[in-house]
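To start, the structure under review is shown below, and the notes come after it.
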Amino acid sequence: MGKGKLYDIALTATIDQQGGLTFSATSNGLGQSNNNGVDKFVFRKDKNNMFKSDCYLIQFTLDDQTGIHLRFPPSASDALWACVAADPTNPAASCPNVAPPNPSNQMLGLAVLNDHCLLAVNKDGTSEMLAFALNFDSDVGPAQWDPIGDNQDGGKT
C-alpha cells in the first residue's frame with residue numbers, strides 16, 4: 001500500500017423544527033453532492049493527485065448542536081459500517097441498518113479518537129458504489145447518518 005492522504009469531513013448535527021435529527025456535511029477536497037438528502041462523496045485519486053497504491057484517510061469530525069450528547073461509540077467497527085451497494089443506481093437503498101454480513105474491504109473504521117472524531121480509511125482499490133453508515137450513541141438512543149461513497153479507483157501509476 002502507498003501513502004495515506006488525509007481528508008476531513010465535517011459533520012454538523014442539529015434538530016430540525018419537527019424534532020428530527022439532521023446532518024449536514026462538508027469536505028476538504030473530495031467531490032461532494034447531495035441528492036434528495038443523501039450525501040455522496042466521490043473518491044477519485046487522479047483528481048486528488050494520488051497514486052493508485054495510495055489510500056484516503058478520512059477524519060469524520062462531529063459538531064453536535066443537538067443537545068442530546070451525540071457521540072461516536074467507542075469501537076471504530078461499531079462507528080462505521082460499509083458495504084458495496086447492491087444496486088449501484090440506487091446505493092442509498094443499501095445503507096446498512098445493522099453491521100453488514102459482507103462488509104466492505106475498501107472502507108473501514110480505524111479508530112475513534114474521541115467522542116466527536118472518527119478516523120477511517122478508504123482504499124479506493126476498486127470502482128464501486130459504497131453504502132455506509134456512521135453510527136452514534138446519544139442520551140436518547142442510537143442515531144445514524146447514511147452517506148454514499150463513489151469509489152472510482154483512479155490514480156497515477
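Here are a few things to note about the model shown:
- Top of F51, F72, F132 by mean-square fluctuation, Gaussian network on the chain, Cα under 10 Å: F51
- Vicinal HN-Hα couplings computed from phi for the range 94-103 (Karplus, 6.51 cos²θ - 1.76 cosθ + 1.60; Hz; Gly/Pro x): 9, 4, x, 9, 9, 4, x, x, 10, x
- Fraction of the pair-distance distribution of the chain above 28 Å, Cα-Cα pairs, percent: 15
- From phi via Karplus (6.51, -1.76, 1.60), per-residue ³J(HN,Hα) for the range 61-73 in Hz, x at Gly/Pro: 10, 8, 9, 8, 10, 8, x, 10, 6, 5, 7, 6, x
- Karplus 3J(HN,Hα) series, Hz, for the range 15-23 with 6.51 cos²θ - 1.76 cosθ + 1.60 (x for Gly, Pro): 9, 7, 5, 8, x, x, 7, 10, 10
- Descending principal axes extents, the range 49-140, alpha-carbon based, whole Å: 40, 29, 21
- For D153 and D16, the FRET efficiency from 1/(1 + (r/R0)^6), where r spans their Cβ atoms and R0 equals 25 Å, is about 0.10.
Read-outs: derived from the displayed coordinates by stated rules, not from any lab. Because the structure is predicted, anything quoted here is derived from the model rather than measured. So basically every Cβ, Gly included, is an ideal-geometry build from the backbone, and we count neighbours across all protein chains shown.
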